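The values are calculated or read from the model by the stated rules, or taken from the named source; none is laboratory data. No experiment lies behind these values; they were computed from the predicted model shown. No Cβ is skipped: glycine too gets one built from the backbone with ideal geometry, and neighbour counts run over all protein chains shown. What goes into the accessible areas is simple: the full protein's heavy atoms, side chains included, and nothing from ligands, DNA or RNA. Shrake-Rupley method; radii C 1.70, N 1.55, O 1.52, S 1.80 Å.
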2 protein chains.
Amino acid sequence: MKPETQQFMKFIETKGLLFTTERKSVAEEVFSTHDHLDAEEVLKKLKSTGSKASRATVYRTLDLLVESGLVEKIDLGEGRSAYEHTAGHPHHDHLVCTVCGEVREFEEPLIEQLQEWACEKAGFRAIGHSLNIYGWCAKCKLSVKA
Amino acid sequence: MKPETQQFMKFIETKGLLFTTERKSVAEEVFSTHDHLDAEEVLKKLKSTGSKASRATVYRTLDLLVESGLVEKIDLGEGRSAYEHTAGHPHHDHLVCTVCGEVREFEEPLIEQLQEWACEKAGFRAIGHSLNIYGWCAKCKLSVKA
DNA sequence: TTATTATTGAGATACATTCTCAATGGAGCG
DNA sequence: CGCTCCATTGAGAATGTATCTCAATAATAA
Ligand SMILES: [Mn+2]
Ligand SMILES: [Mn+2]
Ligand SMILES: [Zn+2]
Ligand SMILES: [Zn+2]
């Protein structure tokens, strides 16, 4: 069992909940990659590997994973949202290709700092934020030109 | 007729489309305020003022307004999106209060600049972006404490 | 006028997500 | 162990936003 799964188990038990096989399988699926997975993909992968977990349980467990702080839910625009685990994966924002759908990450610490200042100026207490840049990735830029 | 409505009429006609009363009434509703309106609000307002325009026409006309460049569609997270007109309203990003729903604007030119650099570094051609900061507005911060 | 084309509205459809509720099955107790 | 009790689950219904379909209507062109 991966250390992240261990941590999730601890979180679940500390909350007085049960660490069921369904919850475990959803967690392991999410922790198995650093890709940006949406709920439906998690469900499909689980089905293909024989784990049985319903759509409702997948959504419910993803919420728990987010609550545990081990997973972040990101909004990719147009109603799309995805999950990625945060272990060994510092905060970043996303470049979203509107042609091929690729999601690339970027870090810009100064942007984070400037956001904090903007909040201070407005007397706003930030809980989280979402920054997406939409456009053409390097690959699609070429193929559109060609 | 407001100058923005005039411009929209011009846009519509240049495209070879008809400037119908429905399209006019949707445009005037959007241009009547600088608030962040969602499609359903536009529809409701139109109904209350006696203008008849169906949901489908509201959505279709909002798309045209965005295409004209006179209106921007913004993504407020959780599937919410809103429209605001851009005339005399330079680009800005949003502080979204997760308690009362208030949407406050802020400008941070340096953030915009840093985004451009991030795109350059990644060979990414940006078309647009969305930056929302979620949290408690100044007012809700107080009432939560109290 | 008549033919052609654009626009509209009502409702159907799509889609992601949440909800409902009966069935399941651990956990704790005597 | 057997028996409650209650958390959990799954199937499908419901939700909310947005888009699509298509027949009726209105504008334009011939
Ligand atoms: Mn990421
Ligand atoms: Mn705004
Ligand atoms: Zn691409
Ligand atoms: Zn507030």
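Quick look at the values:
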item	result
Qualifying aspartates and glutamates (Cα of each under 20 Å from Cα of residue A:47; at least 8 residues distant if same chain)	A:22, A:28, A:29, A:35, A:38, A:63, A:84
Cβ-defined net charge surrounding residue A:85, 9 Å radius [Lys, Arg +1; Asp, Glu -1]	-3
Using a 7 Å Cα-to-Cβ projection, residue B:60 label spacings across copies, nm, ascending	4.4
Largest to smallest accessible area among A:11, B:8 [probe 1.4 Å]	A:11, B:8
Residue-count net charge about residue A:17 - beta-carbon cut-off 13 Å; Lys, Arg +1, Asp, Glu -1	+1
Solvent-accessible surface (1.4 angstrom probe) belonging to residue B:46, in square angstrom, nearest 10	0
Inter-copy separations for residue B:44, label at 7 Å along Cα-Cβ, nm, ascending	3.7
Inter-copy separations for residue A:144, label at 7 Å along Cα-Cβ, nm, ascending	3.9
Lysines with Cα under 25 Å of residue B:121, excluding same-chain neighbours fewer than 8 positions away	A:139, A:141, A:145
Per residue value of the accessible surface for chain A (all protein chains in place, 1.4 Å probe), Å²	54
Solvent-accessible surface ranking, highest first, for A:63, A:75, A:93 at 1.4 angstrom	A:63, A:75, A:93
Rh by Kirkwood over Cα pairs, then Stokes-Einstein D for the stretch A:91-146 at 1.567 mPa s and 4 °C, µm²/s	99
Cα gyration tensor of the stretch B:1-89 - equivalent ellipsoid semi-axes, whole Å, descending	19, 16, 12
Accessible surface of residue B:117 - all protein chains present, 1.4 Å probe, nearest 10 Å²	120
Ellipsoid semi-axes in whole angstrom, largest first, where each is sqrt(5λ) of the Cα gyration tensor of the protein assembly as shown	38, 23, 22
Total accessible area lost when B and A pair, probe 1.4 Å, Å² to nearest 100	3000
Heavy-atom accessible area order for B:89, B:94, largest first, 1.4 Å probe	B:89, B:94
With every protein chain in place, chain A: carbon and sulfur % of accessible area (1.4 Å)	53
Threshold 40 Å², the stretch A:78-110 residues less accessible with all protein chains present than alone (1.4 Å probe)	A:95, A:108
Which of B:36, B:70, B:17, positive extreme of dipole for the stretch B:1-89 (C-beta unit charges)	B:17
Rounded accessible area of residue A:21 (nearest 10 Å², 1.4 Å probe)	100
